[in-house]
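Trainee: So that we are looking at the same thing, I have put the structure below in structure tokens.
Coordinate-derived values only; no laboratory data. What you see is a predicted model; the values in this text were computed from it and never measured. Ideal geometry is used to build each Cβ from the backbone, glycine not excepted, and the neighbour counts take in all protein chains shown.
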Ligand SMILES: NC(=O)c1ccc[n+]([C@@H]2O[C@H](COP(=O)([O-])OP(=O)(O)OC[C@H]3O[C@@H](n4cnc5c(N)ncnc54)[C@H](OP(=O)(O)O)[C@@H]3O)[C@@H](O)[C@H]2O)c1
């Protein structure tokens with residue numbers, strides 16, 4: 001499926017839309033018909049939740065006058081957002097986490113003044129409908145129902161519309177509602193990047209592999225359990241005692257409760273693992289490496305890395321040098337013991353989402369939505385994510401049945 005994607009990267013700094021004047025748009029979703037009252041081309045502003053500075057939840061501001069996204073490159077699409085999933089990174093970015101690296105990505109030549117990222121729109125996940133396509137977009141057309149995870153240096157999805165590169169977008173699973181679909185892309189592309197690109201796993205080599213997921217009850221964990229089980233792996237999970245049933249229902253074979261004492265002891269009594277996905281961090285890498293099968297290509301992949309913290313604290317150049325030195329030292333140290341040490345990162349990828357979509361529509365993966373909030377409740381939704389103890393995902397419904405948010 002991914003091979004038929006038309007990916008265009010040429011950069012043209014003009015409006016490159018091939019949209020005809022969009023008529024009253026109609027998209028079927030379930031039994032409902034969605035009506036959009038206005039062409040996106042006629043609009044210059046839209047409703048969104050923005051921040052004008054970094055801080056706690058009180059920096060969030062609802063506005064009806066956020067700038068309407070514009071197609072700047074021929075491979076971009078504008079999507080009307082129906083639902084946006086939230087992730088811990090949204091809480092982090094609200095407080096300025098990763099600001100140094102994101103500024104460099106947005107403005108590599110440092111032509112703009114500091115603070116030019118504001119008003120900033122948070123939200124990485126979305127499910128919605130294509131409203132407008134750039135000239136080189138062949139794989140999508142107006143009114144297609146799509147889902148995507150958006151890189152953190154771009155404007156986010158807590159808004160009525162968002163602009164994305166077509167290679168970040170995928171047709172959404174037909175079997176899911178928009179709210180359900182918005183719970184998956186960010187955690188799916190993160191798990192895909194960590195397990196497939198970094199960990200070397202695939203549907204063809206997972207059978208009977210022993211995988212340990214540290215932190216199985218949150219967004220990434222609940223997705224990773226399901227994907228690995230669909231690929232035939234044996235999955236062991238750590239989580240709180242009160243999440244044991246939840247992760248077993250998702251397919252976990254063995255479950256170890258981290259709240260009743262150090263997990264390294266019960267985990268050490270089990271057969272050793274081929275891969276560990278660490279969603280917890282902290283002191284886990286002190287003991288987790290000993291749980292891997294030595295000299296057999298086994299890997300430890302952690303999603304909790306100091307990369308963005310380093311660049312925030314030390315600036316981009318020094319932060320990157322420190323990061324490279326840290327990861328290289330750790331990788332070499334563990335290589336001597338016959339195991340591979342790696343860092344995993346979220347990577348937006350429409351073709352990975354195409355494969356995940358097929359697994360969802362085949363009934364192998366379900367969306368795990370813990371709680372849904374209305375668009376007017378974005379501060380409460382972020383508050384919930386900030387409090388932790390997730391059991392799946394928190395999702396904001398932006399638009400329901402064509403009736404847009406009125407605050
Ligand atoms: N590097 C990247 O690009 C990247 C991308 C995505 C996510 N991440 C990071 O990966 C981590 C997981 O992300 P997520 O979206 O899954 O977070 P999440 O939805 O907040 O889930 C975290 C889960 O871990 C559980 N937990 C907390 N402490 C634990 C422990 N010691 N042992 C086992 N489980 C524990 C929590 O429940 P209880 O507290 O109730 O046990 C919760 O269910 C986060 O730190 C996130 O920042 C990194």
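Trainee: Can you order the peptides 225-234, 183-192 by their average number of other Cβ atoms within 10 Å per residue, highest first?
Mentor: Highest-to-lowest ranking by the protection proxy: 183-192, 225-234.
Trainee: With label points built 7 Å along Cα→Cβ from the Cα atoms of residue 153 and residue 260, find their separation and express it in nm.
Mentor: Result for the modelled spin labels: 4.7 nm.
Trainee: Express in nm, to one decimal, how much length is gained between residue 54 and residue 329 on full extension, taking 0.36 nm for each residue of separation and deducting their alpha carbon distance. Don't skip to the end; give the middle numbers.
Mentor: Details: separation 275, 0.36 × 275 = 99.00 nm, distance 3.32 nm.
Difference between extended and current length: 95.7 nm.
Trainee: GNM on the chain, C-alpha springs below 10 Å: top fluctuator among 265, 371, 180?
Mentor: 265
Trainee: Using 0.36 nm per residue, how much length does the chain from residue 174 to residue 345 gain when fully extended, once their Cα-Cα distance is taken away?
Mentor: Gain on extension, residue 174 to residue 345, equals 58.8 nm.
Trainee: With contacts defined as alpha carbon pairs under 8 Å and 6 or more residues apart, what's the relative contact order of the chain in percent? Before the final figure, lay out each step's value.
Mentor: Working: 912 pairs, mean separation 77.4, N = 407.
RCO, the chain: 19 percent.
Trainee: What angle do you read, to the nearest 10 degrees and between 0 and 90, between the alpha-carbon axis of helix 219-230 and the longest principal axis of the chain?
Mentor: It works out to around 70 degrees.
Trainee: Let me ask something else. If we count other beta carbons within 10 Å of each Cβ, what is the order of 114, 217, fewest first? Mind showing how you got there, number by number?
Mentor: Details: 114 9, 217 27.
Sorted ascending by nearby Cβ count, the order is 114, 217.
Trainee: Classify region 87-151 as rounded, prolate or oblate from the Cα gyration tensor: take a ≥ b ≥ c as the square roots of its eigenvalues, call it rounded if a/c is under 1.5, otherwise prolate when a/b beats b/c and oblate if not.
Mentor: It comes out oblate by the Cα gyration axes.
Trainee: Please report how far the C-alpha centroid of region 163-189 lies from that of region 90-148, rounded to the nearest whole angstrom.
Mentor: After rounding, the separation between the Cα centres reads 15 Å.
Trainee: Still on this structure, please answer the following. So for each of 165-173, 349-357, 386-394 I average, over its residues, the number of other beta carbons within 10 Å; can you give me the resulting order with the highest mean first?
Mentor: The most tightly packed comes first, giving 165-173, 349-357, 386-394.
Trainee: If you find the alpha carbon centre of region 67-81 and of region 264-320, how far apart are they in angstrom?
Mentor: Region 67-81 and region 264-320 have Cα centres spaced 37 Å from each other.
Trainee: When N counts the residues of the chain, how does its alpha-carbon radius of gyration compare numerically with 2.2 N^0.38 Å, as a ratio? Intermediate results must be reported in sequence, preceding the final value.
Mentor: Details: Rg = 21.3 Å, N = 407, 2.2 N^0.38 = 21.6 Å.
Compactness ratio reported: 0.98.
Trainee: What number, in percent, do you get for the relative contact order of region 200-328 if the mean sequence gap of Cα pairs under 8 Å and at least 6 apart is divided by its residue count?
Mentor: Computed over region 200-328, the figure is 20 percent.
Trainee: Separate question: By how many degrees, between 0 and 90 and to the nearest 10, does the Cα long axis of helix 378-387 differ from the longest principal axis of the chain?
Mentor: Once rounded, one gets 10 degrees.
Trainee: If you line up the long axis of helix 350-361 against the longest principal axis of the chain, both from Cα atoms, how many degrees apart are they, to the nearest 10?
Mentor: Helix 350-361 sits at roughly 80 degrees to that axis.
Trainee: Now for a different question. So how much slack lies between residue 316 and residue 386, counting 0.36 nm per residue of separation and subtracting their Cα-Cα distance, in nm?
Mentor: Values: separation 70, 0.36 × 70 = 25.20 nm, distance 2.66 nm.
That pair, residue 316 and residue 386, stretches by 22.5 nm at full extension.
Trainee: Looking only at the chain, where both bridge partners belong to it, what percent of the DSSP beta bridges are antiparallel (to the nearest 5)?
Mentor: Counting DSSP beta bridges with both partners in the chain, the antiparallel share is about 60 percent.
Trainee: Calculate the FRET efficiency for residue 283 and residue 42 from the Cβ-Cβ distance with a Förster distance of 60 Å, rounded to the nearest 0.05.
Mentor: Numbers: r = 55 Å, r/R0 = 0.92.
It comes out at approximately 0.60.
Trainee: Among 331, 83, 181, whose mean-square fluctuation peaks in a Gaussian network model of the chain (Cα, cutoff 10 Å)?
Mentor: Highest fluctuation among the options: 331.
Trainee: Moving on. Listing 340, 178 from the residue with the fewest other Cβ atoms within 10 Å to the one with the most, what is the order?
Mentor: Final ranking by Cβ density, sparse to dense: 340, 178.
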